[in-house]
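For reference, the structure discussed in these notes is given below.
Nothing in this text is a laboratory measurement; each read-out follows from the coordinates by a stated rule. In this text the structure is predicted, and so the values were computed from the model without any measurement. Glycine gets a Cβ as well: all are built from the backbone with ideal geometry, and neighbour counts include every protein chain shown.
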Amino acid sequence: MLIPFLPYYGIGQGIRFHPSPGLIHTGDTTICAGKHVKLSATPLQDYYWSPINDLDSPASANPTATPSVTTTYYFTARFIGANLIVNGDFSNGNTGFTSRYDYEPVNRSEGQYFVGANPHRWNQSLAPCGDHTSGSGNMMMVNGSPDAGTSVWTQKVDVQPNTDFIFCSWIQSFTSSNVAVLQFFINGTPLGNAVTAGAACTWQQLQRTWHSDGSTVAIISLVNQNTLLWGNDFALDDISFIPITVLRDSVTIAVDSNPIVRAGKAHDIDCYHPTTGLNASGASTYTWYPAEGLSDTDAANPTVSIGNTTTYTVKGVNGDGCYGLDTVTVNVGVAGKDLFVLPNAFTPNGDGHNDYFGIQRWGKVEVEEFSIYSRAGVRVFTTHDPGKSWDGSFNGHPQPEGNYIYVIRTKTFCGPVTRTGNLTLIR
């Protein structure tokens with residue numbers, strides 16, 4: 001017997017969910033907006049995910065979720081037990097159940113029933129409707145009694161306490177007028193409202209749920225509530241009473257919005273400003289690219305020394321690993337006064353201030369000569385690298401206080417620059 005399972009609308013009123021931590025293997029997690037995460041659960045007998053929005057394959061035990069907002073996903077699995085009804089399809093004839101109606105091979109009055117395959121042979125006024133199971137098998141054919149509350153079919157089954165059950169029966173009318181009105185009872189208690197059978201020779205499924213609580217026995221009955229004498233002829237088939245266990249687990253996928261990163265600059269580069277500073281905000285860590293001309297690609301505020309207009313992109317990452325991007329363009333021009341200046345003294349004492357003498361702040365330059373001489377004419381420092389500076393030593397030995405002479409010849413985007421002069425080393 002197939003029990004309908006409506007994955008996206010629930011599994012029937014009255015069925016209880018059993019919280020089952022561990023059914024889902026994916027833990028609660030946070031993802032960045034626009035990203036996805038793989039969900040994983042144990043593929044049990046019958047299952048579904050909900051909600052299905054943003055799942056690429058909700059019928060799979062391992063769908064990929066791409067939620068746009070924080071979402072809790074539920075994984076519901078159903079265990080379907082064996083049918084506890086004996087001879088529910090009546091293939092074994094008039095066995096396994098009781099009835100307050102009379103069993104008669106030929107129908108001559110109300111309040112009678114028969115188990116067979118052709119109602120027209122049982123009563124020539126009835127339509128030759130087929131059974132529900134195969135269309136040619138047995139069913140319970142009934143000529144209803146006008147006595148309300150009469151049990152048409154009853155069976156007693158043993159049940160587990162504190163268990164959910166689905167009780168299901170298929171019903172069809174043999175006539176189109178004054179159709180049967182049936183109601184389900186378990187242990188003398190009605191299970192929902194009475195149900196009216198449909199059109200003649202049209203099988204209709206009637207289904208109810210029941211929780212056993214402390215009961216260990218279920219006396220199940222189908223009761224005819226139609227009190228009119230004429231019509232009221234019908235059939236029963238494929239009766240089932242099946243234990244259902246529904247497990248449920250959940251996982252929450254939090255969605256963190258990507259940071260809004262802002263990139264800026266102090267100013268453009270020209271002959272008045274041979275270098276500039278970049279700045280970034282809105283995130284925790286930053287990475288700049290391209291690396292050309294940057295003092296530190298991972299700083300929030302790197303210094304830029306370039307000879308050509310360049311657009312820099314900064315990637316800012318927050319604490320959850322989400323990122324945002326922004327760009328800033330540093331324009332390079334030759335406008336402004338030539339201010340490739342140098343200090344006239346420095347103090348290489350290791351205090352972090354004015355410890356070196358060099359031309360790093362000149363920006364993008366090509367060094368033809370950068371040398372420093374003592375008063376005796378000894379060259380104590382020389383380089384062609386604009387990034388290197390003199391630390392006040394010669395051959396690893398600190399040089400004495402006093403005056404020194406520097407000679408600098410470079411090519412810059414503003415043209416050739418030559419500087420010579422005196423430098424005082426102070427200790």
Taking θ as phi - 60°, what are the ³J(HN,Hα) couplings along the range 298-308 by the Karplus curve (6.51, -1.76, 1.60), each to the nearest whole Hz, with x for Gly and Pro?
9, 8, 6, 9, x, 9, 10, 10, 9, x, 9
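Quick one: order 32, 129 by neighbouring beta-carbon count within 10 Å, fewest to most. Don't skip to the end; give the middle numbers.
Numbers: 32 18, 129 21.
Neighbour counts put them in this order, fewest first: 32, 129.
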Kindly write out, for the range 384-391 in residue order, the coupling ³J(HN,Hα) from the Karplus curve 6.51 cos²θ - 1.76 cosθ + 1.60 (θ = phi - 60°), rounded to whole Hz, with x marking Gly and Pro.
10, 9, x, x, 9, 10, 8, 9
Using a 4.7 Å cut-off between beta carbons, which cysteines in the chain end up with no partner cysteine at all?
168
Reduced to Cα centres, the span from the range 189-237 to the range 16-35 in Å works out to 40
Sorted by mean Cβ packing within 10 Å, highest first, what order do the peptides 216-224, 148-156 take?
216-224, 148-156
Using Cα positions and a limit of under 17 Å, work out the aspartates and glutamates in reach of residue 35, with same-chain residues fewer than 8 apart set aside.
54, 56, 256, 320
Going Cα to Cα from residue 388, which aspartates and glutamates come in below 18 Å? Please leave out same-chain ones fewer than 8 positions away.
292, 296, 355, 366, 368, 369
Restricting to lysines and to Cα separations under 20 Å from residue 265, and discarding same-chain partners fewer than 8 apart, the set is 315, 364
Sequence order, the range 176-190: Karplus ³J(HN,Hα) from phi using 6.51 cos²θ - 1.76 cosθ + 1.60, θ = phi - 60°, Hz rounded, Gly and Pro as x, gives 8, 10, 6, 6, 5, 10, 10, 9, 8, 10, 10, 6, x, 9, x
Separation in nanometres of the label points that stand 7 Å from Cα toward Cβ, at residue 353 and residue 69:
5.5
With the Cα gyration tensor of the range 258-330 in hand, convert its eigenvalues to equivalent ellipsoid semi-axes via √(5λ) and list them largest first in whole Å.
23, 10, 9
Work out, step by step, the length gained on full extension between residue 151 and residue 33: first 0.36 nm times the residue separation, then minus their alpha carbon distance; give nm to one decimal.
36.4 nm
Based on the alpha carbon coordinates of the chain, what radius of gyration and maximum Cα-Cα distance (Dmax) apply, in Å?
44.7, 140
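Please report, in cubic angstrom per residue, the volume enclosed by the convex hull of the alpha-carbon atoms of the range 77-186.
So the per-residue hull volume is 132 Å³.
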Stokes-Einstein D for the range 249-399 at 20 °C, 1.002 mPa s, Kirkwood Rh over Cα pairs, in µm²/s?
118
So, for the Cα atoms of the range 345-425, Rg and Dmax in Å stand at 12.5, 37
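How much FRET efficiency would the formula 1/(1 + (r/R0)^6) give for residue 79 and residue 134, where r is the Cβ-Cβ distance and R0 is 30 Å, rounded to 0.05? Walk me through the numbers before you get to the answer.
On the way: r = 28 Å, r/R0 = 0.93.
The calculated FRET efficiency here is 0.60.
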